[in-house]
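Peer 1: This is the structure I have questions about; it appears just below.
All of the numbers you see were taken from the coordinates with simple rules; none came from a lab. Please read all numbers here as calculations on a predicted model, not as lab measurements. So basically every Cβ, Gly included, is an ideal-geometry build from the backbone, and we count neighbours across all protein chains shown.
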Amino acid sequence: MHMADALISPVVGGAMWAATAGLASFASKKVQTNIDSHKVPLMGVLGAFVFAAQMINFTIPGTGSSGHLGGGILLAILLGPHAAFLTIASILAVQALFFADGGLLALGCNIFNMGFLPCYIAYPFIFKPLTDQKPSRRRIIIGSVAAAVAGLQLGAFGVVMQTLFSGISELPFLSFLLLMQPIHLAIGIVEGIITAVVISFIYQTAPEILTKTALNKPLDNIPIKPVLVAFFIAALVIGSTLSWFASSNPDGLEWSITETSGQEALQATTEIHGFFADLQEKLAFLPDYNFKSSSAVEAPAAAIEESKESAWPAVDRGTSTAGIVGSLITLLLAYLSGKALQYAGKS
């Protein structure tokens, strides 16, 4: 559900940048009050895991569409809403800056839709009331699915409203809404099941993480090394190998745009859009999670790419490199952010 710059106007993009900057400041201040030496590495490793997991699109049967893990609810359950928001913001920033996944102008929208709405709206009102007592496996599964569905529905509605306020005439409100909400309902159910599986693993390995996080308590004295190792290995395996098995179908947002407008991608021609497009082209050293192709081999590369799209799994060194490099960059950024906040909280 990464929005491209062509979906929003500069005014809406600027407003959402300002809103998410304010939210990041708020979250940073809140995190400083209870961050500890356990939560900092957990932010880094979980950030890497979610980055890698988002590379795997799963097919939505009967639609020609696909979806991927958003990760906001998973992070909120394990880190709390404030640290989760900062972690998902790190993930989305890395994706936009270095992999051209989501626009730079639209980055504020993407952080709001995939970070704020699941971490602050879906999590507290749906998941936490189900787990404020001693959690059971059944309540974890129900809470995970309900929260994931709510987070995706809110995020999809956010996309529709942002395009409406941007005046994107190719995406009329009602038609776009009636496509976005059902497809993201299906994606949300799948994400909820995946989240429930991951949280069930935590429940078996270190259940105190769930209870202490829900109660907004530090994670001191909880043995989290097995959790850190497991998520780090999972991030590397998913990014380097399992990413080959991603569906080639367009994701829910791309599918909804095509079905509504008849175009695979909308075009933006303002100078501000052009500025951000040029900046992103310079910064993204692995665009679309693969190596940049040179003009000298453009035609052969296109033929090879077409061959890869017809093959499954799509074994590709570029994809593997992007998965590993992106996971490590995200880990480092989220870890350093947490470390900086831990230091600021002590000073």
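Peer 1: Hey, what number do you get for the chain at 222 nm if only DSSP H runs of n ≥ 4 count, each worth -39500 (n - 2.57), divided across all residues, to the nearest 500?
Peer 2: Values: 14 runs with 226 residues, N = 347.
Calculated mean residue ellipticity at 222 nm is -21500 deg cm²/dmol.
Peer 1: Sorted by packing (mean other beta-carbon atoms within 10 Å per residue), highest first, where do 76-89, 242-255 land?
Peer 2: On the way: 76-89: 28.1, 242-255: 19.2.
Ranked from most to least packed, the peptides come out as 76-89, 242-255.
Peer 1: Check which residues have an amide H placed less than 5 Å from Ile60's amide H, if you skip close sequence neighbours.
Peer 2: Ser65, Ser66, Gly67
Peer 1: Can I ask one more? Please list, ordered by chain and number, the residues whose modelled amide H lies under 5 Å from the amide H of Thr270; skip anything fewer than 5 residues away on the same chain.
Peer 2: Counting only residues 5 or more places away or on other chains, the set is empty.
Peer 1: Find how much the distance from Thr205 to Leu266 grows on full extension, using 0.36 nm per residue of separation minus their present alpha carbon separation; answer in nm with one decimal. Let's see the in-between values first.
Peer 2: On the way: separation 61, 0.36 × 61 = 21.96 nm, distance 4.60 nm.
Length gained between Thr205 and Leu266: 17.4 nm.
Peer 1: Could you pull out the pairs from Lys39/Lys282; Lys29/Lys217; Lys30/Lys212; Lys225/Lys339; Lys212/Lys346 whose alpha carbons sit more than 23 Å apart here?
Peer 2: On the way: Lys39/Lys282 34 Å; Lys29/Lys217 15 Å; Lys30/Lys212 16 Å; Lys225/Lys339 18 Å; Lys212/Lys346 21 Å.
Beyond 23 Å: Lys39/Lys282.
Peer 1: Now a separate question. Starting with the highest mean, order 277-284, 28-35 by the number of other Cβ atoms within 10 Å, averaged over the residues of each peptide. Present the calculation step by step, with values, prior to reporting the outcome.
Peer 2: Values: 277-284: 14.2, 28-35: 18.5.
In decreasing order of mean packing, 277-284, 28-35 become 28-35, 277-284.
Peer 1: On full extension of the chain, what length is gained from Leu332 through Ile189, given 0.36 nm per residue of separation minus the C-alpha to C-alpha distance?
Peer 2: Answer, rounded to one decimal: 48.4 nm.
Peer 1: Calculate the FRET efficiency for Phe173 and Phe291 from the Cβ-Cβ distance with a Förster distance of 51 Å, rounded to the nearest 0.05. Numbers along the way, then the final one.
Peer 2: Numbers: r = 39 Å, r/R0 = 0.77.
Here the calculated transfer efficiency is 0.85.
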